[in-house]
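J.: Below are the C-alpha cells for one structure; questions will follow.
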C-alpha cells in the first residue's frame, strides 16, 4: 500500500457513537471504512449494509480481515484489554475509546503488546483537537493572564438514557465514573496545565440504590494549579451541561460545553495583552469595561508588580454547532494518527502515554475515594 492510498478502518462496536465516527471518517481521504463488527450480529449487519462493508458478529473476524489496517474499538471498557491484545497481535493499529483499560496493570500489558507489534493504540481524547481547547491553551501558555491558580469543572451529565441495568452503572464493566468518563477531563487539564496528582476524592451513591452517580476529586498540578472535578450523572437530557471556570492571576477563563463551544474571559491586561487576546481569538466580541489612569496602571499582586491599562471581557465562539465541532475533532485526531503511521517522525497530539496517564489519575481517585 502506498502513502496515497487510504488505510482500511474497521469498527468494533456498532452503537450510536460508532455510527457518528464512521460518518465523520467518510469525509476523509486518508481512511476508508473496511468492515464493522458487533457481538449483536443483526446490528453489525445493518451497519455493514449502511456503509457497504463486510459485517462480523465476532470482532476477531474483523481483526483478521486483511483489508483492515486500523481497528477502532468502541465497546464497553471491560472488553478493551482482550480486543487491544488481539488487534496488536495481528499487527493492526488501534484507536481505542476511553478508557484505555480498566486499570493500570491492564494498560501496561496492553501497551507492551502494542509496542512489541510496532503499532499504535491512542485513546480517542477528542477534547485536545477542539478549537476552544487549543485557544485556551495558547492563552495560558502566553502568560497574558498570569498563572492559573485554581479551576472548577462541573460536569452535569444526563442519565435520562441510562436505565438501572445499563452497563454504565456496573463497575465491573465500566470501571466507574472516574475511569469511564473522568479520564477525558484528566487529560484535558493535563493538556492545559501539565501533569498532576489526585490529592482528594469522594463518591456518592443514589439514595436507595447502589448506583454511584456522583464523583468528585481534587488534582494538584505540578504548575501549582488546583483543579476540582465534579462528575454527576444526575441531569435530565435537556439539562446536560459542562462548564469550566479557571481563576488566573489576572482574571477568569470560562469554557462552556462537554464539547467546548464557547470561551468567555474577564481580565485586566495591558494594551499588548489586549492585542494578543484579539490575535488568539479572531472575531471575538470584546467589551472594555474599565480603563485605568497611568498612576493606577501598575499594582502589586502575589509579590509581582503588574502593569494593566484596561479590564476587558471577551466572548469567543469559533464553532457554534456541537455536532460539527465534535466531528471535526474526531477527524482531526484520526488524521493526526494516520500521519504518524505514515511517517513516525510526525509528532502526535495524542499518543499511547495519554491514555495511560489519564487512567493513572482515575485509579488514584478511586483509591482515595475508597480509602484503599
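J.: In segment 281-310, what count of residues is obtained for those that are part of a strand (DSSP E or B) and in contact with a strand residue (DSSP E or B) (Cβ under 7 Å, 6 or more places away or on another chain)?
T.: 13
J.: Right, next: Return the residues of segment 47-77 that are at pLDDT below 95 and within 28 Å of residue 169 (Cα to Cα); say none if nothing qualifies.
T.: Passing the criteria: only 47.
J.: Check every one of the helices (runs of 4 or more DSSP H) wholly within segment 1-99 and list those with 2 or more residues that are out of contact with any strand residue (DSSP E or B) (no Cβ under 6 Å at 6 or more places or on another chain), surrounded by fewer than 20 Cβ atoms within 10 Å (Cβ to Cβ) and touching a residue at least 60 places away in the same chain (Cβ under 8 Å).
T.: 16-25
J.: On the basis of being surrounded by 12 or more Cβ atoms within 10 Å (Cβ to Cβ), in a loop (DSSP other than H, G, I, E, B) and touching a residue at least 12 places away in the same chain (Cβ under 8 Å), does residue 259 make the cut?
T.: Yes, satisfied.
J.: Tell me which residues, restricted to segment 314-346, are at pLDDT 95 or above, under 21 Å from residue 265 (Cα atoms) and buried (at least 16 other Cβ atoms within 10 Å of the Cβ).
T.: Result: 314, 316, 317, 318, 325.
J.: Name the one entry in 184, 229 that is assigned to a strand (DSSP E or B), touching a helix residue (DSSP H, G or I) at 6+ places or on another chain (Cβ under 7 Å) and farther than 25 Å from residue 304 by Cβ.
T.: Unique residue meeting the criteria: 229.
J.: Follow-up. For segment 314-333, indicate whether the set of residues that are within 16 Å of residue 185 (Cα to Cα) and assigned to a loop (DSSP other than H, G, I, E, B) is non-empty.
T.: no
J.: Suppose we filter 268, 227 for residues that are within 22 Å of the chain's Cα centre (by Cα) and modelled with pLDDT of 95 or more; which single one remains?
T.: Working: 268 fails: within 22 Å of the chain's Cα centre (by Cα).
So the residue among 268, 227 that is within 22 Å of the chain's Cα centre (by Cα) and modelled with pLDDT of 95 or more is 227.
J.: Only residues that are farther than 21 Å from residue 146 by Cβ and under 16 Å from the mean Cα position of the chain (by Cα): list them for segment 169-199, please. Quick ask: steps written out before the conclusion?
T.: As a first pass, look at segment 169-199 and keep what is farther than 21 Å from residue 146 by Cβ: 169-187, 197-199.
Once the filter is applied, which keeps residues that are farther than 21 Å from residue 146 by Cβ and under 16 Å from the mean Cα position of the chain (by Cα), segment 169-199 yields 177, 178, 179, 180, 181, 182, 183, 184, 185, 186, 187.
Each row is one residue, and each column tells you yes or no for (1) in a loop (DSSP other than H, G, I, E, B); (2) modelled with pLDDT under 95; (3) crowded, with 23+ Cβ neighbours inside 10 Å.
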{"position": "119", "(1), (2), (3)": "yes, no, no"}
{"position": "133", "(1), (2), (3)": "no, no, no"}
{"position": "136", "(1), (2), (3)": "no, no, yes"}
{"position": "149", "(1), (2), (3)": "no, no, no"}
{"position": "156", "(1), (2), (3)": "no, no, no"}
{"position": "163", "(1), (2), (3)": "yes, yes, no"}
{"position": "173", "(1), (2), (3)": "no, no, no"}
{"position": "179", "(1), (2), (3)": "no, no, yes"}
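J.: Can you tell me which residue is modelled with the highest pLDDT among those in segment 286-296 that are loosely packed, with under 15 Cβ neighbours inside 10 Å and more than 26 Å from residue 135 (Cα to Cα)?
T.: Taking the candidates together, the pick is 293.
The values are calculated or read from the model by the stated rules, or taken from the named source; none is laboratory data. Given the structure is predicted, the values throughout are model-derived calculations rather than measurements. Cβ: placed from backbone, ideal geometry, glycine included. Neighbour counts: every protein chain shown.
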